[in-house]
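Engineer: Sharing a structure here in structure tokens format.
The values are calculated or read from the model by the stated rules, or taken from the named source; none is laboratory data. Everything numeric here is computed off the predicted structure, so don't read it as measured data. Backbone-built Cβ (ideal geometry, glycine too); neighbour counts: all protein chains shown.
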Amino acid sequence: MTAEPMPTSLALPEQRVLLNVSWETYQRLVAEHGESPGTRLTYDGGQLEIMVVYVGHEDPNRTLALLVEIVAEETNRDLLAAGSATFQRRDLEKGFEPDSSFYFDERAEQVRGKNQLDLEVDPPADLVIEIDMTRSSLPRLPIFAAVGVPEVWRYDGSCVVFYRLVEGGYVEVERSIALPPLTSRQATLFLAESQRERRPAWLRRVREWLRGQ
């Protein structure tokens, strides 16, 4: 059966289309699009959202991912950056490709060196970064919760909000569980500063703040 596209937002910096497809079709599309850096596939019980991202999406994503790595380094945390790797659970009919994802400490050791992740065996990422400036047609927080992602950072174009998984759903928190002492307010400030400062000055500012905590 040919999938029929549903209405999509064409507003930059993200373009989205929502399709009704089978799990098998979703798997085929995942295999075909491979590691395409400009595309994200999200699947939930027969609905597939295909999102194409641009620089307005990738710049805050990469900056927040860099912030994660700096905080982990300065606080002596082991880290594995899984990027936008495909996470999926066939038994739940859910799959997603986050903007960025990270494993820390023991979980990092569990998945280090693996070419593919199987969430029926492997743990989900400890932290996922979600850039959502045009509002997803397919809500992703319930998908992250279903597979057990403990923490999500979501940026809506103005603020970074931290969410913690509690009893199957997310609650907003001020301080990161995965990377204390960072707060959502400070992450929002760092992200705003990164858009107007030269990178060397910004990196020094982040490290100085961390060393002062």
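Engineer: Is segment 151-166 home to any residue that is part of a loop (DSSP other than H, G, I, E, B), out of contact with any helix residue (DSSP H, G or I) (no Cβ under 6 Å at 6 or more places or on another chain), surrounded by fewer than 18 Cβ atoms within 10 Å (Cβ to Cβ) and at pLDDT 95 or above? Please lay out each step first, then the result.
Structural biologist: First, pick out the residues of segment 151-166 that are part of a loop (DSSP other than H, G, I, E, B): 156-159.
Filter again for out of contact with any helix residue (DSSP H, G or I) (no Cβ under 6 Å at 6 or more places or on another chain), leaving 156-158.
Still in the running and surrounded by fewer than 18 Cβ atoms within 10 Å (Cβ to Cβ): 156-158.
Next cut, at pLDDT 95 or above only: none.
Looking through segment 151-166, none of the residues is part of a loop (DSSP other than H, G, I, E, B), out of contact with any helix residue (DSSP H, G or I) (no Cβ under 6 Å at 6 or more places or on another chain), surrounded by fewer than 18 Cβ atoms within 10 Å (Cβ to Cβ) and at pLDDT 95 or above.
Engineer: A follow-up question, please. Scan Ala145, Ala201 and give me the residue that is among the hydrophobic types (A, V, I, L, M, F, W, C) and more than 13 Å from the chain's Cα centre (by Cα).
Structural biologist: The conditions single out Ala201.
Engineer: Considering only residues of segment 99-118 that are touching a helix residue (DSSP H, G or I) at 6+ places or on another chain (Cβ under 8 Å) and part of a loop (DSSP other than H, G, I, E, B), which is surrounded by the fewest Cβ atoms within 10 Å (Cβ to Cβ)?
Structural biologist: Leu117
Engineer: Moving to a separate point now. List, please: which pairs have Cβ atoms under 7 Å, are six or more places apart or on different chains, and start with a residue in segment 142-169 that is on the phi > 0 side of the Ramachandran plot and end with one that is among the aliphatic types (A, V, I, L, M) and at pLDDT below 95?
Structural biologist: Gly157/Met133
Engineer: Also, quick follow-up: Examine segment 94-106 for a residue that is at pLDDT below 95 and among the basic types (Lys, Arg), and state whether such a residue exists.
Structural biologist: no
Engineer: Looking at segment 165-176 only, could you name the residues that are within 14 Å of Pro124 (Cβ to Cβ) and under 17 Å from the mean Cα position of the chain (by Cα)?
Structural biologist: The answer is Leu165, Tyr170.
Engineer: I'd like to check which strands (runs of 3 or more DSSP E) are fully inside segment 1-86 and have at least 1 residues that are in contact with a Pro (Cβ under 9 Å, 6 or more places away or on another chain), at pLDDT below 85 and not acidic (Asp, Glu).
Structural biologist: Because the criterion is at least 1 residues that are in contact with a Pro (Cβ under 9 Å, 6 or more places away or on another chain), at pLDDT below 85 and not acidic (Asp, Glu), the strands (runs of 3 or more DSSP E) in segment 1-86 that meet it are 47-53.
Engineer: Please verify whether Ala125 is under 13 Å from the mean Cα position of the chain (by Cα), among the aliphatic types (A, V, I, L, M) and surrounded by 22 or more Cβ atoms within 10 Å (Cβ to Cβ), treating the condition exactly as stated.
Structural biologist: Criteria met by Ala125.
Engineer: When you scan segment 166-180, how many residues do you find that are in contact with a strand residue (DSSP E or B) (Cβ under 7 Å, 6 or more places away or on another chain) and more than 15 Å from Asp132 (Cβ to Cβ)?
Structural biologist: Looking only at that region, the number is 7.
Engineer: For the condition within 24 Å of Leu29 (Cβ to Cβ) and of a type in the set (S, T, N, Q), what is the one hit in Thr86, Thr75?
Structural biologist: Only one candidate passes the filter, namely Thr86.
Engineer: Name the single residue, out of those in segment 173-211 being charged (D, E, K, R) and touching a Ser or Thr at 6+ places or on another chain (Cβ under 8 Å), that is surrounded by the most Cβ atoms within 10 Å (Cβ to Cβ).
Structural biologist: By that ranking, first place goes to Arg175.
Engineer: Here is a further query. Would you confirm whether any residue within segment 176-199 is over 23 Å from Phe104 (Cα atoms), part of a helix (DSSP H, G or I) and among the hydroxyl-bearing types (Ser, Thr, Tyr)?
Structural biologist: Yes: one or more hits.
Engineer: Out of curiosity, is Leu92 surrounded by 13 or more Cβ atoms within 10 Å (Cβ to Cβ) and more than 18 Å from Ala178 (Cβ to Cβ)?
Structural biologist: On the way: surrounded by 13 or more Cβ atoms within 10 Å (Cβ to Cβ): yes; more than 18 Å from Ala178 (Cβ to Cβ): yes.
Against the criterion (surrounded by 13 or more Cβ atoms within 10 Å (Cβ to Cβ) and more than 18 Å from Ala178 (Cβ to Cβ)), Leu92 qualifies.
Engineer: Any idea which of Leu127, Leu80, Leu66 is farther than 19 Å from Met51 by Cα and touching a helix residue (DSSP H, G or I) at 6+ places or on another chain (Cβ under 6 Å)?
Structural biologist: None of the others qualify; the one that does is Leu80.
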